[in-house]
Structure formats: structure tokens, C-alpha cells
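One structure below.
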């Protein structure tokens, strides 16, 4: 498996592998972080810190604990949430609105004119409110299944199946 | 195991989200290795989620890798580092070596020049020193002379008599200090002009009745003597002293036409 080999190289501090992984995941991580901090400069800064952190802690990643994407997604979400708790961030962002990622998609039209983004926007508009919430909490906020179950006031089984349906829909749009 | 039902359960979506426990993660990983369909499903979910999250990012992040690499000092800078570690070392040794050699060379040259200069200085000083010693000798001689003169002048037993200018030479004068105990006179000839070339002053002791001149000798070193005081032996019972100008070498008898000064010893 190519990705596994790449990650192995990365763990051995191979710069080329690191760069490839960066290009695979940096935009995705930036999106996740931006959704939390809602500031482009801060999001960039946090995202760069995430990859620096990843490089320094490369050897701590183990495949049996989860996907590499999930590993770096976790680092990103934690770093972004830490940032929102910092004093300087609180001072600068008094009124952080609690919009979901879907709102960002609707308000950043001019910045996202790739085919994928357009397709995703169409999908997101069609998504039901509960789908939006599930995706927001599980992927963008890093809630565990029980935390999501509690937040959405629905059984864990329902969270799982609903999320499955939402991702299936997403796949039909973005993966062809 | 029913792979299809496992996939449909939605656990793989949670796996990608990172919403499972550590134990569940390990189980999924093990099944993934066992069943390629599960792995394929996970990859599909993952890539859909990546697309979704990417769509939220309002910016192109691809150029930021340079910042990160700079921060981590990566991308060839590792090699550059190796060079920067070894190169300055090489340069340091080389440059310091050359610098030391040049400084040493210049220093030695400077010392040689200094040494030569000092040698010359020593020679000059030694020359000056011997000159000064000579001058001191002269000064001592002069001082001795002056002391002798003073002692003579202060001596009570000395008879002092002026010699007045005579005839054409009225403007000239001289003085004689006569020490009768030691039978010598000191002639002060300051008031006499320098004798013309080929001539010399001759000093005479005279007795008056009858008039008998006795030569006390010629003053051969008149021109060269500084204080113009001449010590002359006089064994005569002189009654007067005279000075005449005579041809070089002196005369048997005084040439009266060239009598410059004359003085009579007063009877005491």
C-alpha cells in the first residue's frame, strides 16, 4: 500500500514523504482549523504548527491506533481548540459565532470555485439539518460517538447509521 | 464474519472521524488487514471527508510548506548545515594560520629595523658622549686656569703694574702681575691687537740705570690663547716691563720703534 509506505518513510523523518503528506492533508487540516478559529491568519499559523508538531512526533504514530489522516486530524482539532482557549485569541475574538462548516461554505463563495467545492456546496444545501450537525460534531469538532449522541440527543446507534448515510451521500458527490 | 453488515454499521465512518475508543480502533485495524473490502471502504470514506474538509478551507495552503521547512530547517539545509559546520572550521584554521604567519613575519621585520635603528642611535650617542667628555676636559682645564688666576690676583705678594701704550700705540695697554716669590709674571695682554703675520710680541724686563733690556721671551701663542693671559718666568730684578713687536722668532734687543707698551715698577 502506497500510503502506508509513505507514512513509514515519514516516521523515519523522510523530508520527501513529509512534503507529500503535507500536500495531501494540509488544505483539509486548514479547513478543519479554520472552521474552529474562523480567522484565516490564525488558521494558517495553527495549521503550520500542526505539521511541525507532526514532524517532531512522527515516531509516536502507529498504524494500529488509527488512520494517519485521523491522527493528524486529531492534532489539528486539538491545536485549534487550544488556540480558541488562549488569552490572546479570546481578546481578539470576543464574539465567535457558533456557525457550522456549512455557513462557511455559503459565505466564502469567491474563494472556493473548484469543481469539488461547488459540488460540495450543492450537497451541503441538500443535506438535512441533522446530517450537518452530525458531520460537524464528528469530523470538525472531534466528538466521540457518545459525546455526539449526547449533544444530538439521539442513541449511539442512530448517530452511527445517520452518519453513515450522510457520508454515503457525500461520497456520491465527491468521489466519482 | 459478515463483512457487509460490519461496513453498513457505520463504524468505519466513526473510525475515520477518530470517534472510536482505542480498543475499537485496534479491532478495525486488524479487520482491515484481514478484509480488503473494509480497507477499501475506509479509504473511500477518508477521501470523501478530506474533500469535504478541504472545501471549508478558504485558502491555498500549498506554499506554506516552505515556512514549515524553514522552521524545521529542512530541504537541503541539512546538507548546507554540514557544509557550514565544516567550512568555517577549515577557514578558521587556514585564515588564522596565515594571519599568524604574516603577523610573525611583519613583527620580525619590524624588530630587525628597530634593532638597526637602535644600533645607529647608540653610535650617535657614543660620539656625542666622547665630544662632551672632551668639552668637559676643556672646561676643567679652563677652570684650573681661572682658579690659578684668581689665586694669583688675591695673593698679597703680587705686584701689579699697568703697562701704558707708547707713541703710535697709545691706544694699547697691558698689565703685569709679578709674583716675586715664585719668580714669574702673569701678563694680561688683552689690550694688544693681534700681531701681523710674521711678527710676534716679545716681552722685556728692564733695569733703568743703565737701561738694560732682558728678553723674557716671545708670545708665540697669542692668537690661539683665549684669555690672553700668559705666564712667563722672570728671574730678573726688574724695574720695568715692556712689550715690542718683533719679527717671528724674536730679537736680541728690542726694536724701540715697535714698543707698544711700557710700565715702571713703582719703588716700594
Return the residues of the range A:68-109 that are in a loop (DSSP other than H, G, I, E, B) and either modelled with pLDDT of 85 or more or loosely packed, with under 13 Cβ neighbours inside 10 Å (or both); say none if nothing qualifies.
A:86, A:94, A:95, A:97, A:98
Given the criterion over 60 Å from the mean Cα position of the chain (by Cα), within 7 Å of chain A (Cβ to nearest Cβ), surrounded by 19 or more Cβ atoms within 10 Å (Cβ to Cβ) and assigned to a helix (DSSP H, G or I), identify the matching residue among B:38, B:7, B:50.
B:50
Considering only the range A:37-45, I want to know if a residue exists there that is closer than 30 Å to residue B:39 by Cβ, free of Cβ contacts under 8 Å to residues at least 40 places away in the same chain and more than 8 Å from chain B (Cβ to nearest Cβ).
no
Considering only residues of the range A:112-149 that are assigned to a loop (DSSP other than H, G, I, E, B) and at pLDDT below 70, which is farthest from the other protein chains (Cβ to nearest Cβ)?
A:113
Here is a check on your reading of the model: is residue B:69 surrounded by 17 or more Cβ atoms within 10 Å (Cβ to Cβ) and more than 7 Å from every other protein chain (Cβ to nearest Cβ)?
yes
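The values are calculated or read from the model by the stated rules, or taken from the named source; none is laboratory data. Just so it is clear, the structure is predicted and the values come from calculations on it, not from any experiment. No Cβ is skipped: glycine too gets one built from the backbone with ideal geometry, and neighbour counts run over all protein chains shown.
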